[in-house]
């Protein structure tokens with residue numbers, strides 16, 4: 001009976017190709033992960049921009065109410081106005097109790113989304 005001896009070269013034939021394919025696979029997964037993170041970062045960045053704009057508009061309304069106290073105490077600010085800086089944006093000012101705090105609510109809805117976003121703040125304006 002004759003035993004076959006395998007040389008070291010014939011056993012490792014094709015290993016470099018398998019290693020290269022595994023390396024390409026791992027690199028591709030890494031690139032896809034980075035692309036996914038960048039997409040998420042852009043979405044969160046635009047959401048933050050809209051939240052900042054909503055906060056600014058609400059604070060601007062509070063400043064206007066402080067600047068015109070006669071109109072504020074007369075209830076002229078219980079209204080809803082459009083906010084063109086936000087997609088589908090509206091700003092609502094309401095006062096549930098006379099002499100109580102005003103609620104300023106800014107609502108907007110991004111194109112292609114079903115969910116509405118909102119920013120709510122309260123302000124008490126006293127004479």
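Quick grid of which residues meet (1) over 16 Å from residue 120 (Cα atoms); (2) under 21 Å from the mean Cα position of the chain (by Cα); (3) modelled with pLDDT of 90 or more:
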| residue | (1), (2), (3) |
| --- | --- |
| 51 | no, yes, yes |
| 59 | no, yes, yes |
| 72 | yes, no, no |
| 75 | yes, no, no |
| 79 | no, no, no |
| 89 | no, yes, yes |
| 92 | no, no, yes |
| 95 | no, no, no |
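Just wondering, is there one or more residues in the stretch 49-72 that are surrounded by 12 or more Cβ atoms within 10 Å (Cβ to Cβ) and part of a loop (DSSP other than H, G, I, E, B)? Checked against the condition, which is being surrounded by 12 or more Cβ atoms within 10 Å (Cβ to Cβ) and part of a loop (DSSP other than H, G, I, E, B), the stretch 49-72 yields at least one hit. Of the residues making up the stretch 101-116, those that are touching a residue at least 24 places away in the same chain (Cβ under 8 Å), closer than 10 Å to residue 88 by Cβ and assigned to a strand (DSSP E or B) number 1.
Take the residues in the stretch 97-111 that are farther than 13 Å from residue 53 by Cβ and within 14 Å of the chain's Cα centre (by Cα), then tell me which one is surrounded by the fewest Cβ atoms within 10 Å (Cβ to Cβ).
Taking the stretch 97-111 and keeping what is farther than 13 Å from residue 53 by Cβ, we get 97-105, 109, 111.
Of the ones still in play, those that are also within 14 Å of the chain's Cα centre (by Cα) are 109, 111.
Values: 109: 16, 111: 6.
Result: 111.
Collect the residues in the stretch 82-96 that are within 20 Å of residue 53 (Cα to Cα) and part of a loop (DSSP other than H, G, I, E, B), keeping them in residue-number order. Matches in the stretch 82-96: 84, 85, 86, 87, 88.
The values are calculated or read from the model by the stated rules, or taken from the named source; none is laboratory data. No experiment lies behind these values; they were computed from the predicted model shown. Neighbour counts run over all protein chains shown; Cβ positions are idealised from the backbone, glycine included.
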